[in-house]
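The values are calculated or read from the model by the stated rules, or taken from the named source; none is laboratory data. Just so we're clear, the structure is a prediction, and the values are computed from it rather than from any experiment. Virtual Cβ from ideal backbone geometry, glycine too; neighbours counted across all protein chains shown.
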Amino acid sequence: MRGDEGLLQGFGLLLIVLSALAAAALLLAAWLVWSRRRSDSREAARLEAEVARQRAEIDAARDDLRLERATLTRREESLADREEQLRHEQTALDDRAASLDRRHADAIARADELTGAELRVASELERVGNLSHDEAVAQVLARAERESRLRAAALARDIEHEARRNADREARGIITTAIQRLASEQTTEAVLATVDLPTDDLKGRIIGREGRNIRTFEQITGVNVMIDDTPGSVLISCFDPVRREVARLTLTELVADGRIQPARIEEVHERSKATIADRIVKAAHDALEEVGITDLHPELLPYLGALKYRTSYGQNVLAHLVECAHVAGLMAAELGLDVARCKRAAFLHDIGKSLTHEQEGSHAMVGADLARRYGEHPDIVHAIEAHHNEVEPQTVEAVLTQAADAISGSRPGARRESLEAYVKRLDRLERIALAHEGVDRAFAMQAGREVRVMVTPDVVDDAQSAVIAQQIAREIEKELTYPGQIRVTVVRESRATDVAR
């Protein structure tokens, strides 16, 4: 009996222990579920805050664009009023010129009458005065000669004015004919690119765990990625069109592949840069084919094709060069000049803009040095360096290049000054950062409100990173004028790499 009781007690204790273990397991499982829900709620709150911040930035950008549009509208109205005022002033000047012409004709008629009267006075002087006949005739002839010289000078002035009017009329006719025969598209410029997504689930993969993927993408490409509530798309923002296009191709390939991770982002980004380089060369060949130039030096093709992704006052530079070449060729044909040489000079006049971020000096002088280096004709080089009057124009090609440049830039819809000033400010921000030793890359982001600087970890340590950030901030304060504040972020990344064999 005692043995059976002990056995029962043992089973009872075992059941109690098993019950306690089961209760502990249930409590542990409940705690794990609660902890996971709490972590998910924090992540959701952080993502909502990030989305709200990006929405605010987009709203601010929309407000800025709305203000710029209103400013442009007021400026166009002011220009229209000024044009009407100048038209009235021109009409008044024409009326005044006609009045002066009538007065001049009356003066000539009066002078003729006075000449006849002076002859009669001469005979009277001989009779009344002590002058001899020869002396009286000499006085009359001297006065007649003076009057004749005055009339000759007036006649020469009238002939000169008539010649100038005819020359202006012929020049306007040539320019009007050239413009009427040229059909060019209007310029459009954007600072955003859209990448379509097959499903909205990819937005979370683009962001990555704790935002790792999107931070890596922005750091490598130098653009801003805006992920909002817009279904099926992601926005890429950057003032540099080349950088924006490379980032768009990179993100498009990543979305199509589905594997979005830091190492994959770097690999696809390098491949996209090579693709853009090929497109640049193709753009140069297409432009040369359109204007009919077949003997350009091959080394000039990358510089020329890069202008497809560059803008000047909102106008695409490569399209501007093609348009200038056509205008110069049409005017040269009207004047009976060398059409091929005039087209070539106008086509190459802004090639220096592809190097202005790498070399000091104006784009006219930089472009002239580049053309001279690759064997362009001296007249072509002179037209490039003289198209902004930094060198006095000495050839007809230089003058026609200036005229074609002015026509292309002044036509309606060609340029927008506010966008160019904005882009120049962002470009200057990056240049200030890149001028410091140890800086590898620099990106102006958030519409110019942040400068993200990548430094080489082997050259710059953590203490020097803080010093570089302070120096860049002080230089920005000294050199630039900007609204609000600009944040300077210096990123120093260390990597450890090994190979498993």
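Structure notes:
- Selection over the stretch 205-236 of residues that are small (Gly, Ala, Ser) and in a loop (DSSP other than H, G, I, E, B) gives a count of 3.
- Filtered by the rule that a residue be in contact (Cβ under 8 Å) with a residue 12 or more places away in the chain and in a helix (DSSP H, G or I), the stretch 297-307 gives GLU299, LEU300, LEU301, PRO302, TYR303, LEU304, GLY305, ALA306, LEU307.
- Hits in the stretch 337-390 (condition: surrounded by 16 or more Cβ atoms within 10 Å (Cβ to Cβ) and among the aromatic types (Phe, Trp, Tyr)): PHE347
- The set of residues in the stretch 458-475 being touching a strand residue (DSSP E or B) at 6+ places or on another chain (Cβ under 6 Å) and of a type in the set (Gly, Ala, Ser) consists of SER465, ALA469, ALA473.
- Apart from one condition, THR252 fits all of (1) in contact (Cβ under 8 Å) with a residue 40 or more places away in the chain; (2) in contact with a helix residue (DSSP H, G or I) (Cβ under 8 Å, 6 or more places away or on another chain); the exception is (2).
- Residue list for the stretch 435-453, restricted to those being within 19 Å of ARG244 (Cβ to Cβ) and among the hydrophobic types (A, V, I, L, M, F, W, C): ALA442, PHE443, ALA444, MET445, ALA447, VAL451
- In the set (1) in a helix (DSSP H, G or I); (2) touching a residue at least 60 places away in the same chain (Cβ under 8 Å); (3) crowded, with 18+ Cβ neighbours inside 10 Å; (4) not hydroxyl-bearing (Ser, Thr, Tyr), the condition left unmet by PHE239 is number (1).
- Candidates ARG279, ARG310, ARG244, ARG264: the one that is in contact (Cβ under 8 Å) with a residue 60 or more places away in the chain and basic (Lys, Arg) is ARG310.
- Any hit, the stretch 75-82, residues being closer than 30 Å to MET445 by Cα and either within 28 Å of the chain's Cα centre (by Cα) or part of a helix (DSSP H, G or I) (or both): yes
- Note on the stretch 244-268: residues that are in a helix (DSSP H, G or I) and in contact with a Phe, Trp or Tyr (Cβ under 9 Å, 6 or more places away or on another chain) amount to 8.
- Residues satisfying the stated conditions in the stretch 429-439, i.e. surrounded by fewer than 16 Cβ atoms within 10 Å (Cβ to Cβ), in a helix (DSSP H, G or I) and not aliphatic (A, V, I, L, M): ARG431
- Flag: ALA61 matches the condition of being more than 23 Å from GLY204 (Cβ to Cβ), of a type in the set (A, V, I, L, M) and in contact (Cβ under 8 Å) with a residue 40 or more places away in the chain.
- Residues of the stretch 340-350 that turn out to be more than 10 Å from LEU400 (Cβ to Cβ) and not small (Gly, Ala, Ser), as a count: 5
- Qualifying residues in the stretch 261-302 (those that are surrounded by fewer than 19 Cβ atoms within 10 Å (Cβ to Cβ) and of a type in the set (Ser, Thr, Tyr)) - the one nearest to ALA328 (Cα to Cα): THR294
- If you filter the stretch 391-417 down to residues that are at pLDDT below 85 and surrounded by fewer than 16 Cβ atoms within 10 Å (Cβ to Cβ), you find that the one that is farthest from ALA340 (Cα to Cα) is GLU417.
- Qualifying residue in the stretch 1-14 (condition: surrounded by fewer than 10 Cβ atoms within 10 Å (Cβ to Cβ) and either assigned by TED's automatic domain parsing to the domain that holds GLY208 or not in a helix (DSSP H, G or I) (or both)): yes
- Checklist (1) at pLDDT 85 or above; (2) of a type outside the set (Val, Ile, Thr); (3) over 23 Å from ALA442 (Cα atoms) applied to PRO198, failing item: (1)
- Residues of the stretch 440-455 classified as outside any helix (DSSP H, G or I) and crowded, with 19+ Cβ neighbours inside 10 Å, total: 9
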